[in-house]
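J.: Handing you a structure now.
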Amino acid sequence: MKNRLETTLCGVKMKNPVIAASGTFGFGDAYAAYFDAARLGGIAGKGLTLNGSLGNKGVRVWETPAGMLNSIGLENPGVRHFAETECHRMRALGTAVICNLGGHSEADYIEGGRLLNDADMDILELNISCPNLKAGGMAFGMRAETAADITAKVKAVTHFPLFVKLTPNAGDIVCVARACEDAGADGLSLVNTFLGMAVDIQQRRAVFDNVYAGLSGPAIQPIALRMVHQVCKAVRVPVMGMGGICDWQSALAFLMAGASAVQVGAATFANPMAMCEIIEGLQRYCESEGLSNIGAIRGCL
Amino acid sequence: MKNRLETTLCGVKMKNPVIAASGTFGFGDAYAAYFDAARLGGIAGKGLTLNGSLGNKGVRVWETPAGMLNSIGLENPGVRHFAETECHRMRALGTAVICNLGGHSEADYIEGGRLLNDADMDILELNISCPNLKAGGMAFGMRAETAADITAKVKAVTHFPLFVKLTPNAGDIVCVARACEDAGADGLSLVNTFLGMAVDIQQRRAVFDNVYAGLSGPAIQPIALRMVHQVCKAVRVPVMGMGGICDWQSALAFLMAGASAVQVGAATFANPMAMCEIIEGLQRYCESEGLSNIGAIRGCL
Amino acid sequence: MAVTPTPTIRENTRIAHDICRMRVEGVPRGEPGQFFMLRAGAGMEPFLSRPISICDATAAETVFVYRTVGRGTERLSALRCGDALSVGLPLGNGFPLCAGEAVLIGGGLGVAPLLYLAKRLRQIGVYTCVYTGYNDETFLQAEYEEAAGELHAKNGGYITDMVDFSRPATYYACGPAPMLRAAARKAREAGARLYVSMESRMACGTGACLGCSIPTADGNRRVCKDGPVFDAAAVFFEDRV
Amino acid sequence: MAVTPTPTIRENTRIAHDICRMRVEGVPRGEPGQFFMLRAGAGMEPFLSRPISICDATAAETVFVYRTVGRGTERLSALRCGDALSVGLPLGNGFPLCAGEAVLIGGGLGVAPLLYLAKRLRQIGVYTCVYTGYNDETFLQAEYEEAAGELHAKNGGYITDMVDFSRPATYYACGPAPMLRAAARKAREAGARLYVSMESRMACGTGACLGCSIPTADGNRRVCKDGPVFDAAAVFFEDRV
Ligand SMILES: Cc1cc2nc3c(=O)[nH]c(=O)nc-3n(C[C@H](O)[C@H](O)[C@H](O)COP(=O)(O)OP(=O)(O)OC[C@H]3O[C@@H](n4cnc5c(N)ncnc54)[C@H](O)[C@@H]3O)c2cc1C
Ligand SMILES: Cc1cc2nc3c(=O)[nH]c(=O)nc-3n(C[C@H](O)[C@H](O)[C@H](O)COP(=O)(O)OP(=O)(O)OC[C@H]3O[C@@H](n4cnc5c(N)ncnc54)[C@H](O)[C@@H]3O)c2cc1C
Ligand SMILES: Cc1cc2nc3c(=O)[nH]c(=O)nc-3n(C[C@H](O)[C@H](O)[C@H](O)COP(=O)(O)O)c2cc1C
Ligand SMILES: Cc1cc2nc3c(=O)[nH]c(=O)nc-3n(C[C@H](O)[C@H](O)[C@H](O)COP(=O)(O)O)c2cc1C
Ligand code: FES
Ligand code: FES
């Protein structure tokens, strides 16, 4: 059976356009008992910060209608540990390695980006959209100027194709996307989580120590899809689309809206086999529609 | 049994703080077979435009995970018809009458606001947040300047307490909220629907003729709640909170986040008795917590 | 989540490959052509209720016949006696009952709501001539043999091709949009009065949301509240021009 | 939505007021202290799966005992034989098995996972002294009478008050956090080794999301992957200072 899903992203060849979203697949081994990670197009590792972090205190995950809030706060072992250890383990999985880099300050991002040049990886995903950090994170992604600035600075130091991961909480995501493209981004990833909130009515307090947290899962899918469609119409660089993708139909909708690849996050929690089912579903779709490659429907809307 | 839910909003006395959201309860009679509308705190009628409208063509409603997209496009009989006919029928229902006013242009809003002075109603809700109009609607609510400007102009002509209904698609909803308050709004309603999208993968086209449509229902609740919390912290005028409220627990969360009243929209479609169950649930909550009035927990977070 | 009446499922079985019949007790009796908004279980998933017509009803019991096409109807089909179901109240305007003679034309699942109409017409002494069109498996034929004055069934092709629109009768049609359109054209040409039951995506089902609005000769009309039964001349008015 | 093994529900009955037992076939056998992520039905609702410990297991069958507290467990309790259920694979690190003598302390639903441990220990010749603490109704007492070397039950009050921590035994505890904390303090004072099974809100259950991380003496640890069983000295380390 011919693979009709092969996808190339900024020169990186992938078996298929289905990628595990950052923060939802560890560094690639957590679901080993369920399936071989080599089946995936790629894996975006947990977001790194320069010196690592213990993440946030208190409740970290909370269920919502058709979705979930998280306030992990980038618990991670740090850039050096990734470059020395995790990246080799990820490489051994036999799928594209995407490194997600967060930061608390401009200096963090630049130094992190520089150190990662030593890592064995394929794509650098610049996370300027994490809503769970007290300093940095999403703050960089809310406005075009700051987003473009940090993009240009990291682009200047990295050897890898640079995807900038955008926040849906930005006032005008299309404007931020264009600015990042102009600043040298090789691609864009969107969306990160929506800023949301939950209340513990018994305790009469916010569920999360940080009060606000990040919403993801099928609930956000219609909004994420709209944003991906808007951004794809506005930029020429490839887009990794995500936000609530949970089956091959929703993955296909993102590809039709213009995404070159999709990332799957929270859906894997509800159904560990979600990404495998999506890959199989897209392959079957290509066969039944007579498409020699899934790229044929990209941006057909 | 003492009613512990009585709420006064800008001088308007209501039996309880539970209000049918605009566009989801017609002009108040659609659910008559299910329950007596007099049980509600109030009803926001379908959004009006100066000269009425047939609304949008094509598919108008679409189910999404824990929510729905709509592209009604303000089908309505016009301001004059409301002032002459509907408002009296609504008044006869025995609950607070809120008139939701949309518009395609500044002149529309001002003239509509003026004509509504003849109507028998309690509150004017200025809808600068409808995402389904080609011209006007949400465009006014996306930025603080335009929102403040139209607020001031309608405030200058109306005799009624003026609530401005905000869009969650604005870049900075807190900034828009503050600007409307400063421009003379007596209160704020939020949120209207989120701009979203759906794809008909069989047809390889967008489901809606307008491509984008408005998302509502439980899916958006965590984001709406966060926005209500942010806005309530930032303004002094009363807020009607809404977005995905579907049971008394979620209604209570909005009140705890600072809302003076809540509106319930899409949940009524899934469960026609939702608002009645919310009212009963809040009353029971007050009893079991020993609150003489629900207002005691307002903004307790 | 329970809406005022709490229905009890007495039967929910497959009567054809992808078609189920559900018998429910404890709901108000509706009229032929009316529908209910059904939802399986007690939760919010799937979010919207599903409009399903009354296929038959007595004071005690209401029968639905539905095709499993997506998530909502799949979940309905998985229900067993005792499971939670909500149906709300009977909605919409049913078929106006006629005197004399009636011709009923059902295509696909459109044969379901017409059964209740056929039974009602028979009760009030109206002679019914029923046409049922199927694509593969037939269903409800035994019931129609009992209820109809005369019965014509067709498997494959266009059922409207079989119908003689020149009878001095009132015509009723229910089925896919292209079939209704064809019927409307033929009825217009023959000068016959035809009532059609329309479909549209619905959110509220009660006339509140305007989600199901369709353009008619009389302006926009809500399929759920003003219909689902309309005079074909009003809804297929554009074909006239 | 089906995860590799497709479980078949053989029984799902109420064994106390708000407690159910579900017997499931066709899932891989886990170890005492491990858990599965359960979800009722085939849909996405509720969104997250629910962690439930193994209460007992043979090669053929796995038993869960759970309290209905919210939407997820309510839906589980409504399942009947033949209904769709997904459980995934056994997750986490179970109880380290000891030699000699073991003291098992269960509070509330914590008595459930310890049953499987008691049975396993008995098989390998370890003498078990079991304490079960309940708030109102008791459950699983008959099973424990069979499985335990000695059995002490208490209804109301603190079960840890009954336990003698000075025995030359390995201690195991499962139950609400305050009970585990009390047990940890007493074990520390007595110099006894105590293993506790921790709870934390979970999304993935596989170590991927870091949602269930808790601080321990050895740094952050994931309850789902590094636990749920921990040495009490490591997780209640803050009490020591
Ligand atoms: C007044 C009326 C009466 C009906 N009576 C019957 C009947 O007696 N038997 C029967 O089998 N079917 C009937 N239908 C069609 C039935 O409502 C749809 O097949 C059903 O809603 C599909 O739901 P689903 O979740 O299985 O499909 P999905 O495709 O998953 O549904 C997604 C959404 O689209 C809507 N939708 C999908 N198809 C239709 C449709 N054809 N019409 C309206 N909305 C649709 C659903 O209600 C839901 O909101 C009727 C429709 C209407 C409007
Ligand atoms: C490792 C582990 C093993 C467990 N074993 C058992 C068992 O054998 N029997 C049993 O009755 N219970 C057990 N629990 C607790 C059980 O997971 C919760 O009672 C259940 O998730 C509640 O779900 P709900 O939908 O009914 O409640 P809701 O309150 O509606 O759940 C909302 C969310 O909070 C989470 N949640 C609520 N309570 C808990 C809790 N105590 N621990 C973790 N997450 C929670 C849910 O998983 C869900 O994501 C275990 C928990 C863990 C972490
Ligand atoms: C538990 C959790 C942790 C996450 N951690 C990160 C992260 O470290 N870096 C990042 O860029 N995005 C992170 N995200 C966001 C996801 O990568 C993704 O953008 C978002 O969840 C939307 O996709 P989904 O709806 O498919 O989950 C996280 C999401 C979740 C649910
Ligand atoms: C079908 C539909 C029609 C709506 N029409 C209007 C409208 O006319 N004017 C308005 O201000 N909001 C309108 N809304 C928005 C709702 O009033 C409400 O702000 C939104 O749906 C969020 O609340 P919910 O999640 O409870 O539905 C409409 C919403 C729906 C679903
Ligand atoms: S479905 Fe809401 S008006 Fe018809
Ligand atoms: S629940 Fe995801 S790491 Fe434990």
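J.: Note the distances from A:Thr146 to each other copy's matching label point, with points 7 Å along the Cα-to-beta-carbon direction, in nm, sorted shortest first.
T.: 2.5
J.: Hey, how many Å between the Cα centroid of region D:181-224 and the Cα centroid of region B:134-202?
T.: 48 Å
J.: Here is a further query. Label D:Leu97 and C:Arg167 with points 7 Å out from Cα along Cα→Cβ: what is the distance between them in nm?
T.: 7.9 nm
J.: While we're looking at this one, here's another question. Among C:Cys224, B:Leu252, B:Phe35, which residue has its Cα furthest toward the positive end of the charge dipole of the protein assembly as shown, with +1 on Lys/Arg Cβ and -1 on Asp/Glu Cβ?
T.: Of the listed residues, the answer is B:Leu252.
J.: Once you keep just the Cα pairs under 8 angstrom separated by 6 or more residues, what percentage relative contact order results for chain C?
T.: 17 percent
J.: Using only Cα atoms, what is the ratio of the radius of gyration of the protein assembly as shown to 2.2 N^0.38 Å?
T.: Dividing the Cα Rg of the protein assembly as shown by 2.2 N^0.38 Å gives 0.98.
J.: Give me the percent relative contact order of region D:8-87, please, defined on Cα pairs under 8 angstrom at least 6 residues apart.
T.: 39 percent
J.: Find the relative contact order for region D:102-239 and round it to a whole percent, using C-alpha pairs within less than 8 Å whose residues are 6+ positions apart.
T.: Result for region D:102-239 is 20 percent.
J.: State the answer as a single residue: which of B:Ile19, B:Leu190, B:Ala234 lies farthest towards the positive end of the charge dipole of chain B, with beta carbon charges of +1 for Lys and Arg and -1 for Asp and Glu, about the Cα centre.
T.: Selected residue: B:Ala234.
J.: Right, another one. What is the order of D:Glu11, B:Glu63, fewest Cβ neighbours within 10 Å to most?
T.: So the residues, fewest neighbours to most, are D:Glu11, B:Glu63.
J.: Next question, about the same structure. Once label points are set 7 Å from the Cα along Cα→Cβ at both B:Asp36 and A:Thr8, what is their separation, rounded to one decimal in nm?
T.: A separation of 7.3 nm, rounded to one decimal place.
J.: Return the average number of partner chain Cβ atoms within 10 angstrom of each residue Cβ along peptide B:185-198.
T.: Rounded to a whole number, the mean comes out at 3.
J.: Count the net charge of all other residues whose Cβ sits under 14 Å from the Cβ of A:Gly171, scoring Lys and Arg as +1 and Asp and Glu as -1.
T.: Net charge in that neighbourhood comes out at -1.
J.: Moving to a separate point now. Using alpha-carbon positions, what is the distance between the centroids of region B:277-301 and region B:3-21, in Å?
T.: 13 Å
J.: Given the options B:Lys13, B:Lys165, B:Lys46, state which has the largest fluctuation in a GNM of chain B using a 10 Å cut-off (strictly under) for Cα springs.
T.: In this elastic network of chain B, the residue with the biggest mean-square fluctuation among B:Lys13, B:Lys165, B:Lys46 is B:Lys13.
J.: To continue, here is another question. Taking 2.2 N^0.38 Å as the expected size of a compact globular protein, what ratio does the Cα radius of gyration of region D:102-239 give against it, to two decimals?
T.: Ratio of Rg to 2.2 N^0.38 Å for region D:102-239: 1.03.
J.: Still on this model: Kirkwood Rh and Cα-based Rg: tell me the resulting Rg over Rh for region D:2-79, rounded to two decimals.
T.: 0.93
J.: Using +1 at the Cβ of each Lys and Arg and -1 at the Cβ of each Asp and Glu in region D:102-239, identify which of D:Thr170, D:Ile105, D:Tyr144 lies farthest towards the dipole's positive end.
T.: D:Thr170
J.: Counting only other chains, what is the mean number of Cβ atoms within 10 angstrom of the Cβ of each residue in peptide C:192-204?
T.: If you average over the peptide's residues, the count of other-chain Cβ atoms is 3.
J.: What list do you get for A:Ser129, B:Ser250, A:Ser53 if you sort them by fewest beta carbons within 10 Å?
T.: A:Ser53, B:Ser250, A:Ser129
J.: Give me the net charge for the shell around B:Arg284: Cβ to Cβ below 14 angstrom, other residues only, Lys and Arg +1, Asp and Glu -1.
T.: Combined, the nearby Lys, Arg, Asp and Glu give -3.
J.: Measure nothing fancy, just the Cα-based angle from helix D:111-123's long axis to the longest principal axis of chain D, in degrees from 0 to 90, nearest 10.
T.: With both axes taken from Cα atoms, the answer is about 70 degrees.
J.: Nothing charged except the Cβ atoms of Lys and Arg (+1) and of Asp and Glu (-1): what's the magnitude of the dipole of the protein assembly as shown about its Cα centre? Round to the nearest 20 debye.
T.: About 340 debye.
J.: Would you compute, from DSSP H runs of 4+ residues alone, the mean residue ellipticity of chain B at 222 nm, taking -39500 (n - 2.57) per run and dividing by the full residue count, rounded to the nearest 500?
T.: -8000 deg cm²/dmol
J.: While we're on this one: Partner chain Cβ atoms within 10 Å, averaged over the residues of A:248-255 - can you pull that number for me?
T.: Counting Cβ atoms of other protein chains within 10 Å of each residue's Cβ and averaging gives 3.
J.: Same structure, new question: By Cβ position, which chain C residue lies least far from the axis that rotates chain C onto chain D, and what is the distance to the nearest whole angstrom?
T.: Whole-Å result, nearest residue of chain C to the axis: C:Glu45, 2.
J.: Which lysines does B:Lys165 reach when only Cα atoms under 27 Å apart count, and residues fewer than 8 places away in its own chain are ignored?
T.: Output for B:Lys165: B:Lys13, B:Lys15, B:Lys46, B:Lys57, B:Lys134, B:Lys153, B:Lys155, B:Lys233.
J.: Which distance in Å, rounded to a whole number, links the C-alpha centroids of region C:65-103 and region D:80-113?
T.: Result: 45 Å between the Cα centres.
J.: Let me check I've understood the local charge: for B:Glu84, count other residues with C-beta under 13 angstrom from its C-beta, Lys and Arg +1, Asp and Glu -1. What total comes out?
T.: So the surrounding residues net to 0.
J.: With chain A treated as a Gaussian network of Cα nodes joined by springs under 10 Å, which of A:Leu188, A:Leu93, A:Leu126 yields the largest mean-square fluctuation?
T.: It is A:Leu93.
J.: In straight Cα distance, which aspartates and glutamates are under 13 Å from D:Lys186, not counting same-chain residues fewer than 8 positions off?
T.: Cross-link targets: D:Asp161, D:Asp164, D:Asp239.
J.: Can I ask one more? Pick from A:Val264, A:Val211, A:Val18: which is most flexible by mean-square fluctuation in a GNM of chain A where alpha carbon atoms under 10 Å apart are linked?
T.: A:Val211
J.: Can you list the copy-to-copy distances for B:Glu280, using a point 7 angstrom from Cα toward Cβ, in nanometres, shortest first?
T.: Reported distances to equivalent positions: 4.5 nm.
J.: In addition: 7 Å along Cα→Cβ for the label point: how many nanometres lie between A:Ala38 and each equivalent label in the other copies, listed shortest first?
T.: So the distances to the same position in the other copies read 7.4 nm.
J.: Mind putting a number on the dipole of chain A about its Cα centre? Charges go on the C-beta only, +1 for Lys and Arg and -1 for Asp and Glu, and I need it in Debye to the nearest 20.
T.: Dipole of chain A, to the nearest 20 debye: 280 debye.
J.: What is the helix-to-structure angle for C:177-190, meaning the angle in degrees between its Cα long axis and the longest Cα principal axis of chain C, kept from 0 to 90 and rounded to the nearest 10?
T.: Helix C:177-190 and the main axis of chain C meet at about 30 degrees.
Throughout, read-outs are computed from the coordinates displayed, never taken from laboratory work. Just so it is clear, the model here is predicted, and its values are computed rather than measured. All Cβ positions, glycine included, derive from the backbone under ideal geometry; neighbour counts span all protein chains shown.
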